Amino acid sequence: MKNLILICLILNVCVAHADDGYRLWLKYDLLSDASKRAEYQRFSTFIEVRTEPTPVVQTAQAELKRGIEGLLGAKVGATAKLKGGGIILQKNESLPEEGYRIESKDDNLFISGKDERGILYGCFELLRLMQTESPVSGIKIEQAPKIRLRMLNHWDNPLGTIERGYAGASLWKWYELPETIDPRYQDYARANASIGINAVAINNVNASARFLTTEYLSKVKALADVFRPYGIQVFLSINFASPKILDKLPNSDPLDPDVRKWWQEKAKEVYRYIPDFGGFLVKANSEGEPGPQEHGRTHADGANMLAEALRPFNGKVIWRAFVYSPDPAGDRFREAYNEFKPLDGLFDKNVVVQVKNGPIDFQPREPFHPLFGAMPKTPLAMEFQITQEYLGFSTNLVYLATLFKECLEADTYASGKGSTVAKVVDGSVHQYAFTAIAGVANTGSDRNWTGHLMSQANWYAYGRLAWDHTLSEAQIADEWIKMTWTKAPAAVLTIKNLMLRSREIYVNHTTPLGLHHVMGQGIHFGPEPWLSRSARPDWTSIYYHRADSAGIGFNRTVTGSNALGLYHPEVQKQWNNPETCDLNYLLWFHHVGWNKRLSTGKSLWDEFSARYYQGVEEVGWMQEEWAKVRDMVDPEMYADVAGRLAVQYREALNWRDACVLYFQTFSKKPVPAPFQQPTRTLEDLKKIVEIYQLK
Ligand code: BDP
């Protein structure tokens with residue numbers, strides 16, 4: 001036995017030194033702490049299944065065996081030859097849906113699930129406890145998800161590209177499917193199941209009608225068959241004009257009986273391929289996508305037509321609220337609210353309206369979307385973006401749990417104090433009959449799945465928060481680091497600290513004090529605050545920052561667009577006075593004079609420009625901190641992150657110089673001491689951005 005452990009330890013060291021990140025947080029390498037191994041060994045001699053061995057239960061059992069054998073370096077038996085010392089998987093109907101209990105009793109460890117998914121999640125929880133070397137003796141814990149549908153939304157296209165994907169090509173190899181099943185599909189499903197994700201929409205919301213053809217449905221079915229044993233349901237994004245595109249119907253009017261019939265037949269066909277199909281995700285009348293409004297109908301008419309087609313199969317319609325009609329005189333902030341609020345109560349029971357976390361578009365910092373708390377009769381799903389479209393692609397280190405939590409914990413005051421966005425989404429504020437949350441995936445064909453190794457944490461954290469939004473960003477980081485990088489306490493602390501500060505650092509070097517939407521038109525990782533012409537005014541930067549010789553920022557108070565008036569009066573109170581408004585949201589709601597003295601004691605210009613300089617220095621700080629863990633983590637993984645931090649430093653300098661130089665043309669003020677005026681000129685920066693955008 002000792003020899004076996006020794007061999008494993010040696011192997012483990014070898015493996016660890018050739019890590020490319022493929023195994024994510026599910027490494028299952030031998031635990032180096034012998035006392036912990038001994039503690040876990042006491043209940044790990046066998047796994048017995050005392051319930052129907054459905055495919056999901058078999059997945060749970062196989063995963064547990066694989067994990068324990070890796071972590072403890074000892075074989076796990078299949079049945080109970082002995083009375084104690086094993087793990088029993090069983091059902092317990094009294095638990096909440098998808099919930100589980102892990103309890104040590106009579107010398108055995110019982111993992112009880114309300115249903116098969118509950119058992120699966122319980123097994124992953126036990127593995128997580130072991131991976132993080134947490135105490136398990138005498139354990140009794142019970143968990144259940146707070147939100148029913150915990151989804152990933154993939155923005156993957158039929159030809160293998162990914163809209164806003166920065167980690168390679170699509171994972172789905174459409175041209176090989178359905179005959180060839182890449183083993184990676186299963187690894188992907190495992191990772192999702194381990195964090196409680198139970199649904200995926202596999203294609204882009206800017207949807208090709210192709211996904212509803214017989215050819216593609218057979219491919220989608222092949223993926224659904226791989227995901228099913230992991231408790232994962234498949235959804236499809238649909239193109240609203242499909243009846244017209246695919247079958248030449250004269251129109252796609254949701255009130256036209258032929259169109260309705262078409263969708264009903266299509267739904268039947270989809271369910272013939274995938275009997276547990278989840279439903280349709282819809283982007284309609286948004287950014288040029290077709291929708292019911294072209295036929296003089298509302299979003300509710302469109303959604304309800306699809307709901308009718310899916311109802312016989314218990315399918316759901318997830319209708320996105322990301323809409324903003326091009327009104328040059330309006331404020332994009334208000335558009336979704338204006339269109340959806342009047343429709344509250346008009347959607348069918350199996351419709352969920354999916355709302356982005358903020359009112360504009362996944363910016364580094366946004367106030368929460370004013371629709372949360374304003375639709376008591378319509379289940380609202382949260383949509384977060386895990387892929388870092390506006391947060392540095394896959395070259396910048398930004399731990400997003402901080403951003404997710406900030407939004408989830410914001411108070412809508414919808415039914416009194418404490419009506420947080422999280423409680424709206426989990427149904428407790430308005431008693432929604434169904435609840436859902438979605439994250440736009442950051443996965444791709446890169447070996448390490450997410451491009452930046454630290455972005456794996458964002459996939460992980462999204463799943464953990466979708467399961468339980470009360471978990472703290474620090475706790476999630478802690479467990480992820482221990483499973484992914486190291487358990488050495490000093491290194492865990494260093495990495496965690498860096499992660500927890502990373503989002504604020506990114507905000508500082510890109511869009512401080514509530515500045516937003518000043519990124520390049522084509523290069524969302526870089527600055528283009530001077531962008532003044534585009535196909536639509538609300539795609540420019542000047543629309544948002546409104547800088548002039550007097551000051552900067554978008555007046556959304558009652559003297560401006562009054563978008564602030566869409567919030568509950570208590571929320572308005574927090575933001576409507578520029579004297580007391582949280583500096584993080586200042587330029588979201590106010591046009592502020594360059595000389596205005598802020599609560600920090602500095603003038604707006606001095607604070608604003610200093611934050612860019614601080615942001616750059618802080619990226620330097622992240623590089624130094626990272627260097628400290630060099631000898632404590634895998635060298636290949638270390639080097640990859642170090643390289644990307646160096647890129648981030650260069651990009652942060654570009655942001656700083658572009659924004660400081662450009663806004664200086666309005667403020668006409670010097671860079672405050674001790675910082676130095678950039679050595680480059682605004683023309684230099686414009687050139688860099690131009691070159692970035694060359695085709
Ligand atoms: C924007 C993205 C665009 C998406 C859109 C959406 O730039 O690619 O299609 O969001 O969410 O942020 O529909």
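Points to keep in mind about this one:
- Taking the criterion of being under 19 Å from Q186 (Cα atoms) and surrounded by fewer than 16 Cβ atoms within 10 Å (Cβ to Cβ), the residues of the stretch 55-80 that qualify are P55, Q58, A62, R66.
Yes/no matrix, rows are residues, columns are (1) buried (at least 23 other Cβ atoms within 10 Å of the Cβ); (2) in the same structural domain as D606 (by TED's automatic domain parsing); (3) out of contact with any Gly (no Cβ under 9 Å at 6 or more places or on another chain); (4) of a type outside the set (D, E):
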| residue | (1), (2), (3), (4) |
| --- | --- |
| I542 | no, yes, yes, yes |
| D548 | no, yes, yes, no |
| A563 | yes, no, yes, yes |
| H568 | no, no, no, yes |
| V571 | no, no, no, yes |
| N584 | no, no, no, yes |
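- Test: residue in the stretch 362-371 that is in contact with a helix residue (DSSP H, G or I) (Cβ under 6 Å, 6 or more places away or on another chain), within 16 Å of the ligand (Cβ to nearest atom) and within 22 Å of G278 (Cβ to Cβ): no
- Residue check for S252: in contact with a Lys or Arg (Cβ under 7 Å, 6 or more places away or on another chain), modelled with pLDDT of 95 or more and farther than 25 Å from E176 by Cα: yes
- The condition of being part of a loop (DSSP other than H, G, I, E, B), more than 16 Å from C659 (Cβ to Cβ) and out of contact with any strand residue (DSSP E or B) (no Cβ under 7 Å at 6 or more places or on another chain) does not hold for K482.
- Number of the condition not met by T132 [criteria: (1) β-branched (V, I, T); (2) touching an Asp or Glu at 6+ places or on another chain (Cβ under 8 Å); (3) within 16 Å of the ligand (Cβ to nearest atom)]: (3)
- Subset of the stretch 279-327 that is of a type in the set (S, T, N, Q) and at negative phi - its residue that is nearest to the ligand (Cβ to nearest atom): S286
- Condition met for F340 (of a type outside the set (S, T, Y), touching a residue at least 12 places away in the same chain (Cβ under 8 Å) and over 21 Å from S252 (Cβ atoms)): no
- If you go through the stretch 168-212 and keep only what is among the small types (G, A, S) and either farther than 20 Å from A436 by Cβ or more than 16 Å from the ligand (Cβ to nearest atom) (or both), you end up with G168, A169, S170, A189, A191, A193, S194, G196, A199, S208, A209.
- Whichever residue in the stretch 79-117 is of a type in the set (D, E) and in a loop (DSSP other than H, G, I, E, B) and, among such residues, is nearest to A433 (Cα to Cα): E97
- Of everything listed in (1) in contact (Cβ under 8 Å) with a residue 24 or more places away in the chain; (2) in a helix (DSSP H, G or I), the single unmet condition for W262 is (1).
- Filter pass, V671 being part of a helix (DSSP H, G or I), of a type outside the set (G, A, S) and over 23 Å from R556 (Cα atoms): no
- Of all the listed residues (G427, G439, G451, G373), the sole one being surrounded by fewer than 22 Cβ atoms within 10 Å (Cβ to Cβ) and modelled with pLDDT of 95 or more is G427.
The values are calculated or read from the model by the stated rules, or taken from the named source; none is laboratory data. All of these numbers come straight from a predicted model, not from anything done at the bench. Heads up, the Cβs are rebuilt from the backbone with ideal geometry, glycines too, and the neighbour counts pull from every protein chain shown.
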